[in-house]
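Reviewing the structure listed below.
Nothing in this text is a laboratory measurement; each read-out follows from the coordinates by a stated rule. These numbers were taken from a predicted model, which means no experiment stands behind them. Methodologically, a virtual Cβ is constructed for each residue, glycine included, from the backbone with ideal geometry; neighbour enumeration extends over all protein chains shown.
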Amino acid sequence: MANHYDYLIVGAGLFGAVCAYELGKKGKTCLVIDKRSHVGGNLYTELLAVTHVHRYGAHVFHTDNKKIWDYLNKFGEFNNFINAPIARYHDELYNLPFNMNTFTKLWPDVLTPADAQRRIAAEREAAKIDQPQNLQEQAISMVGTTIFEKLIKGYTEKQWGRPCTELSPAIIARLPVRYTFNNNYYHDRYQGVPVAGYTDIIEKMLAQATVRLQCDFFQQRERLTALADKIIYTGPIDQFYNYRFGVLEYRSLRFETEILNQQSFQGNAVVNYTAADVPYTRIIEHKHFYGTQQPQTVITREYPLAWQKGREPYYPINDATNNALYERYRQLADQETTVYFGGRLAQYQYLDMATVIEEALNLTATLLKNKKT
Ligand code: FAD
Ligand code: UDP
């Protein structure tokens with residue numbers, strides 16, 4: 001380990017790894033630390049029963065930006081997996097996102113897009129919603145009350161631990177509603193998962209950097225800070241400032257993984273369980289990301305969990321109170337001259353992988369332009 005580095009990068013997730021690669025390419029020395037025992041952050045995949053298992057939830061890469069797609073493909077080959085989840089409500093199965101396959105199965109008298117539009121409009125009018133004020137009203141105005149009751153209410157209330165009437169309309173507004181027979185969850189042109197797993201990609205990005213695992217920044221903050229000229233920090237922003245204004249809230253998750261001695265458990269990579277009486281929100285069957293045929297299969301149940309300090313923070317609760325709190329931390333961060341903040345935890349935002357890459361590339365481009373770096 002060298003005595004001094006140009007950059008200390010806190011977090012070996014996607015944001016930190018892209019920064020390390022870009023800075024290393026230009027001759028900057030980087031020390032990358034992570035408190036976990038592995039690299040990759042939430043993208044981490046590990047081999048179990050010959051399958052690259054997504055340890056922190058299903059990750060499907062998708063983007064419309066060819067530059068970002070080409071950039072990531074330099075580090076590993078992607079397959080052509082298309083995310084087409086199934087929703088299970090008790091013993092009924094439906095296609096997601098909401099589209100003509102969902103509508104025709106739900107309502108046997110709906111045969112055309114016009115029939116579906118009429119049906120949903122009638123339900124919306126009966127619910128008398130003018131301007132949606134919460135997630136429940138937003139969902140009903142998008143897809144009507146039948147779909148809200150069967151496919152949205154139970155899933156959402158489990159996921160967020162709050163009634164739909166107390167959640168922001170923005171959470172659901174990003175789900176596509178299509179009047180075509182198209183089960184592709186995303187609109188994006190480029191989509192897939194890496195055939196050798198995400199960990200392999202992150203390891204390639206980190207090849208030039210010095211990496212220290214099981215190394216928590218806050219356990220040796222002064223010593224680590226003294227090791228580098230500048231810091232790129234991808235951990236929680238409130239923790240960086242010792243929670244001085246208060247704690248930002250998150251929703252957590254618990255994953256339960258099992259290896260089963262059968263060819264296929266559910267015939268699809270992702271099945272959402274939308275009924276309130278099932279404690280998990282989804283089951284992932286990892287082999288279907290890759291289309292492989294081995295005799296065993298690995299499944300992961302995803303249980304939503306209340307977050308408290310010490311548990312993994314997954315989804316930021318971007319309500320008005322937390323956003324205002326984040327804004328106060330962001331103003332402090334803006335005043336830093338040798339610390340740069342990036343990634344989902346430092347920005348207190350749900351960020352897709354493509355956005356993370358784009359933002360890390362923007363940050364490193366700015367840093368490398370600045371002669372003083
Ligand atoms: P992280 O991956 O969280 O990396 C941050 C790293 O910092 C972590 O490894 C952490 O251990 C480390 N760290 C934190 N504090 C410290 C400390 N004090 N000291 C040392 N290290 C520290 N995106 C998509 O594009 N497609 C998907 O299908 C998709 N699915 C998702 C499913 C789930 C369930 C979730 C929660 C997210 C999903 N995402 C998806 C988003 C994706 O996970 C993020 O874009 C990505 O993980 C962000 O990378 P990051 O580097 O910002 O954060
Ligand atoms: N959602 C739902 N039923 C589903 C899938 C999604 O009600 O079967 C809602 C839910 O509120 C969720 C939101 O849509 O939080 C966004 O879904 P997305 O799949 O983008 O998020 P994820 O569940 O993967 O975090």
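The lysines within cross-link reach of Lys230, meaning a Cα-to-Cα straight distance under 22 Å and a gap of 8 or more places when in the same chain, are Lys25, Lys26, Lys28, Lys35, Lys369, Lys371, Lys372. Which parts of region 152-193 would a label at Ala306 reach, counting a residue when its backbone N lies under 15 Å from a point 7 Å out along Cα-to-Cβ? Counting backbone N atoms under 15 Å from the label point, the list is 158-163. Of Phe218, Ala346, Thr29, which is farthest towards the positive pole of the chain's charge dipole, taken about the Cα centre with +1 and -1 on the beta-carbons of Lys, Arg and Asp, Glu respectively? Of the candidates, Thr29 comes out farthest on the positive side.
Between Ala170 and Arg223, the simple spin-label model (points 7 angstrom out along Cα→Cβ) gives 4.1 nm.
R0 = 56 Å: FRET efficiency of Asp91 with Asn3, Cβ-based, nearest 0.05? Working from the Cβ atoms, E equals 0.30.
Summing +1 for each Lys or Arg and -1 for each Asp or Glu among the other residues whose beta-carbon sits under 10 angstrom from that of Phe103 gives +2.
Toward the positive end of the charge dipole of the chain, with +1 on the Cβ of Lys and Arg and -1 on the Cβ of Asp and Glu, the farthest Cα among Met100, Gly40, Val110 is that of Gly40.
Please list, or write none, the lysines whose alpha carbon is within less than 19 Å of the alpha carbon of Lys128, excluding same-chain residues fewer than 8 places away. The qualifying lysines are Lys153. Axis angle, to the nearest 10 degrees, between helix 353-369 and the longest C-alpha principal axis of the chain: 30 degrees. Computed about the Cα centre, the dipole magnitude for the chain is approximately 800 debye when only Lys and Arg (+1) and Asp and Glu (-1) carry charge, each at its Cβ. Helix-only mean residue ellipticity at 222 nm, the chain, DSSP H runs n ≥ 4 weighted -39,500 (n - 2.57), per residue, nearest 500. What is it? That calculation yields -9000 deg cm²/dmol at 222 nm. Can you give the % of DSSP beta bridges in the chain that are antiparallel, to the nearest 5? Percentage antiparallel, nearest 5: 60. Restricting the chymotrypsin sites (Phe, Trp or Tyr not before Pro) of region 97-183 to loop positions (DSSP other than H, G, I, E, B) with no more than 14 neighbouring Cβ atoms within 10 Å leaves Phe181.
Dipole magnitude for region 154-301: computed about the Cα centre from +1 point charges on Lys and Arg Cβ and -1 point charges on Asp and Glu Cβ, it is near 220 debye.
With each label modelled as a point 7 angstrom along the Cα→C-beta vector, the Gln335-Thr321 pair spans 2.6 nm. Taking trypsin sites (Lys or Arg not before Pro) as candidate sites, keep only those in a DSSP loop with at most 16 other Cβ atoms within 10 Å, then name the longest stretch of the chain containing none of them. Counting only loop sites that pass the neighbour cut-off, the longest clear stretch is 245-308. For the pair Asp109 and Ala207 in one chain, pulling the backbone fully straight at 0.36 nm per residue adds 29.5 nm over the alpha carbon distance.
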